[in-house]
Amino acid sequence: MQIPAHKIKFLASVLLILGCTLDPTNSFDVGTDPTYDLGEVPQSTKIISADIDTLIKSVTLNMDVTVGAMYTIHLMHPLGGDPLAVTGFTATTELVTIELDYSTISDGLYDIVLIDTQGNSTRIPILLER
Amino acid sequence: MKKLFLLLALLLPTQLSAQPEVYLETNGITAARGDTIEIWANFNNNNTQTRTIYFDFSYQRTAFSLVDVSFATAGADSSAIPTGTTTSLTNLNFPGWNWVKSTANTTTNGLTNYQNMNYAYTNGGPYTIRRLYATVSLPTNTNLGTGRFMKLKFEVQNTAHDFVYDSLYMNFAFANSNNAGWLATNNAVSTGYRSAFFTITGGTADVLVYGTLDLPSNVNIDLLQPRLKFFEKYNNVPDTLRHTESVGSNGIFSVTPTEVDTDTDYRIYLSLGGASGDSIPSILNTAITVSDFTAAETEFSWQSLTTGNFVDTMFTKGVHYMAADVNDSRGFDPGDTGTLFAQVAGVETVEMTDTSQMLLKSVFDTVSTAYWRVADSILDTQTGGPYGMDFHTDTTATDTLNLKYFIPGDVNLSYSSALAVNNPGAQARASSVLDNTSIDVNLNNLVVTSNSVEIPFEVSTGDHEISALQFEVLYDPSKLRFETMDLGVSSWVAFIDNQEGRVRFGAVDRAREFAMGGDFVPFSLKFVTINNPLDIVTQLHLSSNMDASSKSGHQIGITLNSNTIRLIGYNNYANSGS
């Protein structure tokens with residue numbers, strides 16, 4: 001069974017219209033909003049250590065980062081999904097210590113993920129149990 | 001003394017870079033259904049102060065139940081755990097989840113694999129992820145040693161006789177020391193294994209029909225769902241569906257006397273896409289991509305102007321033409337190439353019925369380009385119609401059926417059985433890991449600062465010129481809405497197929513005059529955030545459904561820098577006062 005010629009013509013017309021309706025140039029610039037300063041380009045995104053106060057579910061995170069760069073710390077379920085807690089900061093020193101309050105988080109095993117503005121990340125497991 | 005210093009100098013870096021090692025003691029265990037299986041995860045401390053080991057295993061929960069996890073006896077000769085140690089374990093189970101392998105997460109360093117972890121969830125899926133977080137509290141001035149650490153005890157479920165078993169995989173294991181944090185950890189580098197295969201005996205019965213269906217290495221068995229239908233023949237006509245046999249991911253099938261009768265004539269057909277064919281559209285989208293179209297169109301355009309004969313440059317075997325004959329006219333004509341492009345563009349669908357194109361292996365590999373359209377040339381070898389198989393059962397499986405199949409339209413056989421000879425053009429299906437002929441595609445993560453998000457696809461073709469490209473991006477529709485695509489190759493004909501949470505797109509140089517090379521951005525996808533863009537946290541994933549075609553119409557590979565694009569709103573980085 002062959003496709004009738006009129007069907008091929010119709011198909012070609014549809015594809016031609018489809019091709020023509022796609023804008024070959026940038027239709028509008030959605031570049032970064034200038035009011036949002038993303039800081040320095042991160043050169044280092046490392047977690048050095050994590051100290052856990054299990055009694056109050058507080059985690060003291062020590063990190064090796066880039067001065068002036070922005071970072072975000074996510075508390076995640078082990079296999080991913082949406083973050084349970086988010087903490088952002090701009091590094092003022094290369095070695096940054098941040099205390100994370102996870103007192104409202106249920107007991108369990110989680111990941112702490114440090115992410116820079118380039119999307120580079122590093123993670124460590126963390127056991128929160130009173 | 002100088003020699004001593006030299007010796008120390010040589011030894012010191014070794015000690016500083018010492019890594020602990022975790023490994024499975026065995027890679028093969030034989031057991032019967034209902035038995036329990038024990039497998040040891042062992043540890044080589046290698047002069048570290050390890051106090052925690054974090055494991056990630058995957059296995060078939062439908063075949064094995066983890067009934068116990070225990071530590072080696074402290075102080076025993078074979079144990080890595082010294083006398084006086086106390087242990088604790090956190091055990092998490094994630095049914096339906098499975099590890100998605102990549103080059104980055106299948107290294108011999110467990111910490112690296114953890115950093116690059118990637119999972120997929122299937123509702124009710126047969127696999128499970130088991131996370132085990134094992135902690136030891138050691139006597140003062142004592143460390144773990146080398147030997148057995150933790151025992152996993154599985155019970156084998158009462159599976160069907162032809163159940164296809166998969167291995168137990170240790171996806172990662174890495175250690176935490178009390179003086180150096182989380183450590184790079186060898187996973188079965190110097191000894192042991194990272195996976196263990198269980199051979200299950202018992203439950204088998206006499207087999208009447210045994211064979212293989214040749215499946216491609218990249219097959220998604222949950223998508224393809226190959227099943228063999230056994231019709232009992234009456235007066236040489238297939239009359240009653242007697243049995244449907246699922247083919248496992250290894251392509252092996254076997255049928256017992258309880259499923260079909262001895263000394264009886266059957267005709268066997270192959271069915272793909274599930275009982276109601278729900279997966280057929282996905283199979284076609286996966287199997288038929290831009291390089292199938294470019295290969296077919298190239299072959300068609302090169303036919304002799306005087307004789308009309310094809311020159312068999314792209315299609316070297318009859319099965320290529322059979323796959324290209326999507327309108328089943330027993331010829332290769334403009335209707336075929338038109339329908340192929342319509343399928344790629346998502347405008348029209350290639351017809352694929354419940355009875356799929358199955359051939360004897362011997363026919364599949366040898367049918368020539370001259371005789372592929374002559375049904376008799378196939379039926380001389382394979383009775384039962386072009387795609388059926390007549391078979392007479394004996395009292396035992398005296399014959400083995402070796403079968404192959406192709407998806408109509410999959411002319412380069414990327415999602416069909418492989419030929420015993422080279423496929424047309426490049427032989428492999430496009431994926432992120434390919435050999436010498438490939439292009440690079442770079443994708444970048446973004447900090448989101450407005451509700452409009454643009455994702456450019458940066459392509460570097462090196463010395464190659466390309467004439468077609470296609471990708472598929474999966475996104476969370478509760479967070480993003482696909483808006484449009486900017487086309488950077490304006491002379492090509494583009495196509496977009498946007499479904500809920502999935503956009504398939506590409507473009508083809510149909511005029512065959514505007515092949516592109518070098519560095520360029522053929523596509524930029526534009527999304528709009530559903531909620532406040534400054535708060536968004538989401539990821540876009542590229543599926544394996546991607547393809548590229550060279551100027552000559554051959555399929556070439558795609559090397560991605562990442563198959564994930566991370567989008568994080570600005571507020572997630574802003575100082576939060578913690």
Expressed as a whole number, the average count of other chain Cβ atoms within 10 Å around the Cβ atoms of B:341-347 is 3
Compute the Rg to Rh ratio over the range B:193-272 from the alpha carbon atoms, using the Kirkwood formula for Rh, and round to two decimal places.
1.05
Helix-only mean residue ellipticity at 222 nm, chain B, DSSP H runs n ≥ 4 weighted -39,500 (n - 2.57), per residue, nearest 500. What is it?
-3500 deg cm²/dmol
Can you pull the semi-axes for the protein assembly as shown, root of five times each eigenvalue of the Cα gyration tensor, sorted largest first, whole Å?
49, 37, 22
Taking only C-alpha pairs under 8 Å that are 6+ residues apart, what is the relative contact order of the range B:209-406 in percent?
27 percent
Please find the FRET efficiency linking residue B:87 to residue A:98, where r is the Cβ-Cβ separation and R0 is fixed at 41 Å, and quote it to the nearest 0.05.
0.85
Need one number: % antiparallel among DSSP beta bridges in chain B, to the nearest 5.
85 percent
Calculate the mean, over all residues of peptide B:476-487, of how many other protein chain Cβ atoms lie within 10 angstrom of the residue's Cβ.
2
Considering only Cα-Cα distances, which of the following residue pairs are longer than 25 Å: B:229/B:404; B:317/B:404; B:101/B:361?
B:101/B:361
Explain nothing, just the number: dipole magnitude of the protein assembly as shown about its Cα centre with +1 on each Lys and Arg Cβ and -1 on each Asp and Glu Cβ, in debye rounded to the nearest 20.
1420 debye
In square nanometres, what is the average projected area of the Cα convex hull of the range B:209-406?
11.6 nm²
Could you check the spin-label model distance between residue B:160 and residue B:311? Points 7 Å from the Cα along Cα→Cβ, value in nm.
5.0 nm
Can I get the semi-axes of the range B:438-571's equivalent ellipsoid? Compute them from the C-alpha gyration tensor as square roots of 5 times the eigenvalues, in angstrom, largest first.
28, 14, 12
If one computes the Cα centroid of the range B:480-509 and of the range B:178-250, what distance in Å separates the two points?
36 Å
Could you tell me the largest-minus-smallest coordinate of the C-alpha atoms of chain B on each of the three principal axes, in descending order and whole angstroms?
89, 66, 57
Under a crude label model (7 Å from the Cα following the beta-carbon direction), how far is residue B:330 from residue B:142 in nanometres?
8.3 nm
Take B:372, B:492 and order them by how many other Cβ atoms sit within 10 Å, fewest up front.
B:372, B:492
Rounded to the nearest 0.05, FRET efficiency between residue A:120 and residue B:47 (Cβ-Cβ, R0 30 Å) equals 0.45
What number, in percent, do you get for the relative contact order of chain B if the mean sequence gap of Cα pairs under 8 Å and at least 6 apart is divided by its residue count?
13 percent
Quarter of the Cα convex hull surface for the range A:45-128, i.e. its orientation-mean projected area (nm²)
4.9 nm²
Taking R0 as 30 Å, what's the FRET efficiency between residue B:275 and residue B:219 from their Cβ-Cβ distance, rounded to 0.05?
0.95
Treating the angle as unsigned and between 0 and 90°, give the value, to the nearest 10°, between the Cα long axis of helix B:334-345 and the longest Cα principal axis of chain B.
30 degrees
Taking a quarter of the surface of the convex hull around the Cα atoms of the range B:17-201, what do you get in nm²?
10.5 nm²
Can you give me the relative contact order of the range B:438-571 as a percent, contacts being Cα pairs under 8 Å and 6 or more apart?
40 percent
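Throughout, read-outs are computed from the coordinates displayed, never taken from laboratory work. Keep in mind that what you see is a predicted model, and the values were worked out from it rather than measured. Please note: Cβ atoms are built from the backbone with ideal geometry, for glycine as well, and neighbour counts cover all protein chains shown.
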